[in-house]
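Undergrad: Okay, here's the structure, questions in a sec.
The values are calculated or read from the model by the stated rules, or taken from the named source; none is laboratory data. Keep in mind that what you see is a predicted model, and the values were worked out from it rather than measured. Note: ideal-geometry Cβ built from the backbone for every residue, glycine included; neighbour counts use all protein chains shown.
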Amino acid sequence: MKKVFIETYGCQMNQSDSEIVGSIVQKDGYELTTDLLEADIVFVNTCSIRENAEQRVNNRLVRFGHLKRKKPWLKIGVLGCMAERMKDDLFLEHKSVDIVVGPDAYRDIPRLLEEVESGIKVANVLLSEEETYSEIIPVRLGTNGVSAFISIMRGCENFCSYCVVPYTRGKERSRDYRTILDEAKDLFDKGYREITLLGQNVNSYLWKEGEDVNFAKLMEMVAKISPLLRVRFSTSHPKDISEELIKVIAKYDNICKYIHLPMQSGSSNMLKKMNRKYTREDYIQKIEMINKHIPNCALSTDIITGFCGETIEDHKETLSMMDLVGYDYAFMFNYSQRPNTIAEKKFVDDIPQEEKSRRLDEIIEKQRELSFESNKRDIGKEYEVLIEGESKRDKNELFGRSSQNKVVIFNKGELKIGGYINVRIKDCTSGTLIGEVIN
Ligand code: 5AD
Ligand code: SF4
């Protein structure tokens, strides 16, 4: 039986896609392996969002090329966003690549694998308006048996000016809610206790059939599966997050009190250029709405620094927004110009690299302070934690997460992974809470 090794780069969506690919090849008679050296086929599921994400993949492909010299029968496949963006050019840039498959063509992998056996190079990068892989039950890769992702929709049509995703992942489409519920129930029955519903913009989830099912309704249905099943979601677009959804989050204890709401920039000028379709004031209103209904809600964000024409004032507005919201966590990036995006065509990438990095450092330092402050405020409080695994630091300790998505470390005792435990926070760093078990 031929063995397939899948390596994943980039977002959670890619992780979820790799699990779909794993399921497709397994069904076709291939075996999955986690040992690169015993693989007959290597798939790299790739990300194009920033140049350095692509660079990492390029370096890996060089390494796989070396491997192929020792094992000439090894087939190398590129999946995901880089496959879609670069198409046949990948064959030119990496002589070792045999197969190129875009995000909507994974069902075609068995046929492509058969064709490639005759020594030719094969590609399928067709985007689809319907494909959601809805009935494919993903294999769970690299799982702790406690948390899993469920992809609820694909694609994105927001066309933020800096972003390559609408081009690599195509049109937005939602998956039949019944298949999502089935997958969630199945995971719960298998012992999973936390699922994250995934989409590029989950707020525009919509299944039209009889009575419409929007994202708020879907969340409610998933939450009702069991009070022991935690539900999370990612990602929300600030322009679309609704009061209806916030109220649903507030209503169910098992919907986690954590919202990732990418602001990108605190400056209305930048937001306009980014085509985000909200202003600084709109964003603040959404935060106020969240805080009103869910006072204990943790918030995280994405920030891009050094976008085209960003002035020091714009940058300061981002810093002041961070203070205003008091994010618990943030993902922070230098702007990276991507080929064929609106920004690449319309604007000049004019902030020098050193200046981008200087601003990014300021933002990272600000977030470190905010995260530390937020963690310090938790000292003395009690949280329910879902136990996810052994702490890497100390075998006698376990770690898990609070509803607010904060990592908590505590003594192992007789506790089991996958169980819930109440802890009181007694100390913290800027990245972790340290708790003592109270029941
Ligand atoms: N450069 C830097 N960051 C980007 N992101 C998307 N495109 C780019 C880019 N060209 C960031 C955004 C998005 C996150 C997933 O990646 O912040 O929310
Ligand atoms: Fe990219 Fe904007 Fe779509 Fe997110 S919402 S994937 S940043 S275009």
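Undergrad: Which one of the conditions (1) closer than 30 Å to SER161 by Cα; (2) crowded, with 19+ Cβ neighbours inside 10 Å does GLU129 fail to meet, given that it meets all the rest?
TA: (2)
Undergrad: Also: Which is assigned by TED's automatic domain parsing to the domain that holds ILE421 and crowded, with 20+ Cβ neighbours inside 10 Å, of ARG401, ARG393?
TA: ARG401 is the lone residue from the list that is assigned by TED's automatic domain parsing to the domain that holds ILE421 and crowded, with 20+ Cβ neighbours inside 10 Å.
Undergrad: Would you mind telling me which numbered condition in (1) buried (at least 21 other Cβ atoms within 10 Å of the Cβ); (2) closer than 25 Å to ASN375 by Cα HIS315 fails?
TA: With respect to (1) buried (at least 21 other Cβ atoms within 10 Å of the Cβ); (2) closer than 25 Å to ASN375 by Cα, HIS315 is out only on (2).
Undergrad: When you check ASP349 against the structure, is it closer than 23 Å to ARG280 by Cα, in a loop (DSSP other than H, G, I, E, B) and either modelled with pLDDT under 95 or away from ligand 2 (no atom under 16 Å from the Cβ) (or both), yes or no? Break it down into steps so the answer makes sense when it comes.
TA: On the way: closer than 23 Å to ARG280 by Cα: yes; in a loop (DSSP other than H, G, I, E, B): yes; either modelled with pLDDT under 95 or away from ligand 2 (no atom under 16 Å from the Cβ) (or both): yes.
Yes.
Undergrad: State the number of residues belonging to the range 404-439 that are under 26 Å from the mean Cα position of the chain (by Cα) and not in a strand (DSSP E or B).
TA: Residues in the range 404-439 being under 26 Å from the mean Cα position of the chain (by Cα) and not in a strand (DSSP E or B): 10 in total.
Undergrad: Has the range 311-322 got at least one residue that is within 16 Å of ligand 2 (Cβ to nearest atom) and among the hydrophobic types (A, V, I, L, M, F, W, C)?
TA: Within the range 311-322, none of the residues are within 16 Å of ligand 2 (Cβ to nearest atom) and among the hydrophobic types (A, V, I, L, M, F, W, C).
Undergrad: Among LYS292, LYS273, LYS251, which is outside the structural domain of CYS11 (by TED's automatic domain parsing), within 30 Å of ASP350 (Cβ to Cβ) and modelled with pLDDT of 95 or more?
TA: Working: LYS292 fails: within 30 Å of ASP350 (Cβ to Cβ); LYS251 fails: within 30 Å of ASP350 (Cβ to Cβ).
Criteria check complete, one pass: LYS273.
Undergrad: Does GLY191 qualify as being within 28 Å of ILE304 (Cα to Cα) and touching a residue at least 12 places away in the same chain (Cβ under 8 Å)?
TA: Considered against the rule, which asks whether it is within 28 Å of ILE304 (Cα to Cα) and touching a residue at least 12 places away in the same chain (Cβ under 8 Å), GLY191 comes out as no.
Undergrad: On to the next question. For GLU130, state whether it is outside the structural domain of SER48 (by TED's automatic domain parsing), acidic (Asp, Glu), over 25 Å from THR33 (Cα atoms) and within 16 Å of ligand 1 (Cβ to nearest atom). Please lay out each step first, then the result.
TA: On the way: outside the structural domain of SER48 (by TED's automatic domain parsing): yes; acidic (Asp, Glu): yes; over 25 Å from THR33 (Cα atoms): yes; within 16 Å of ligand 1 (Cβ to nearest atom): no.
The answer is no for GLU130.
Undergrad: Still on this structure: Could you tell me which numbered condition GLU220 fails, if it satisfies all but one of (1) among the charged types (D, E, K, R); (2) outside any strand (DSSP E or B); (3) within 19 Å of the chain's Cα centre (by Cα)?
TA: Failed condition: (3).
Okay, residues lined up against (1) more than 19 Å from SER430 (Cα to Cα); (2) within 16 Å of ligand 2 (Cβ to nearest atom):
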| residue | (1), (2) |
| --- | --- |
| THR305 | yes, yes |
| CYS308 | yes, yes |
| LEU324 | no, no |
| ASN334 | yes, yes |
| GLU354 | yes, no |
| GLU365 | no, no |
| PHE372 | no, no |
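Undergrad: Also, I was wondering about something else. Please give the number of the condition GLY306 fails out of (1) on the phi > 0 side of the Ramachandran plot; (2) out of contact with any helix residue (DSSP H, G or I) (no Cβ under 7 Å at 6 or more places or on another chain); (3) within 11 Å of ligand 1 (Cβ to nearest atom).
TA: Condition not satisfied by GLY306: (2).
Undergrad: Which residue, of ASP186, ASP240, ASP253, is assigned to a helix (DSSP H, G or I) and either more than 16 Å from ligand 2 (Cβ to nearest atom) or surrounded by fewer than 23 Cβ atoms within 10 Å (Cβ to Cβ) (or both)?
TA: Working: ASP240 fails: assigned to a helix (DSSP H, G or I); ASP253 fails: assigned to a helix (DSSP H, G or I).
Criteria check complete, one pass: ASP186.
Undergrad: List the pairs whose first member sits in the range 323-336 and is within 13 Å of ligand 1 (Cβ to nearest atom), whose second member is in a loop (DSSP other than H, G, I, E, B), and whose Cβ atoms are under 6 Å apart, counting only residues at least 6 apart or on separate chains?
TA: Matching pairs, first to second residue: ASN334/GLY306; TYR335/GLY306; TYR335/PHE307; SER336/ARG50.
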